Amino acid sequence: MSADTQKQSNKSKDSGSTCSESPLKIPDHEVNVSKTLAGLVIKTDHAMEKKLNKMKKSAWNVRENAYCPYSGFQVGAALRSAKTGKIYVGCNVENAAYPTGICAERGAVMTAIAAEGKNIKFDEVVIVTEADEPSAPCGPCR
């Protein structure tokens, strides 16, 4: 087999490879997809990011007050009032007479209602735990 024939044979064997020496040719109609997707990129809202960071800090701080001697699972919540912008926080509190404890979210909601009334609405909600994966809401909040 000549050297040229050997090269040709190797190229045909590698044709299924995802890597090649020549650049991949993308049809023009597929390039438009990239242009369309580029239009969906949303710029970071630094003001919102700053607000959420403040809420995260509040939720982490109140989480330290959680009373959870049975589960050992501390949760902190922070809710921002749509009307006043005030942040209301809550932490979970367990009770030996399960399920009479309260979750962090409901604690924060109760504090907010006590302060602003039953028609309060929230713009943002932040819930924090030390779990590696996102945590499901407690039973009553599901």
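The values are calculated or read from the model by the stated rules, or taken from the named source; none is laboratory data. Predicted model, so just to flag it, every value in this text is computed and none were measured. No Cβ is skipped: glycine too gets one built from the backbone with ideal geometry, and neighbour counts run over all protein chains shown.
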Search result, residues across segment 93-142 that are charged (D, E, K, R), surrounded by 13 or more Cβ atoms within 10 Å (Cβ to Cβ) and farther than 22 Å from Lys57 by Cβ: Glu94
Long-range neighbours under 8 Å by Cβ, at least six apart or interchain, first residue at negative phi and touching a residue at least 60 places away in the same chain (Cβ under 8 Å) within segment 125-142, second among the aliphatic types (A, V, I, L, M) and assigned to a loop (DSSP other than H, G, I, E, B): Ile127/Val75; Val128/Val75; Thr129/Val75; Ser135/Val75
Close pairs from segment 98-121: first within 20 Å of Ala136 (Cα to Cα), partner modelled with pLDDT of 95 or more and of a type in the set (Phe, Trp, Tyr), Cβ under 7 Å, at least 6 apart: Ala108/Tyr88
Pairs with Cβ under 8 Å, 6+ apart, first in segment 44-59 and closer than 21 Å to Glu105 by Cα, second acidic (Asp, Glu): Lys51/Glu124; Leu52/Glu124; Met55/Glu124
Filter result (more than 22 Å from the chain's Cα centre (by Cα), surrounded by fewer than 14 Cβ atoms within 10 Å (Cβ to Cβ) and not charged (D, E, K, R)) within segment 68-85: Pro69, Tyr70, Ser71, Gly72, Thr84
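Could you check segment 97-142 and list, in sequence order, the residues that are β-branched (Val, Ile, Thr) and over 17 Å from Pro69 (Cα atoms)? Spell out how you get there, then give the answer.
Taking segment 97-142 first, the residues β-branched (Val, Ile, Thr) are 100, 102, 109, 111, 113, 120, 125-129.
Across segment 97-142, the qualifying residues are Val109, Thr111, Ile113, Ile120, Val125, Val126, Ile127, Val128.
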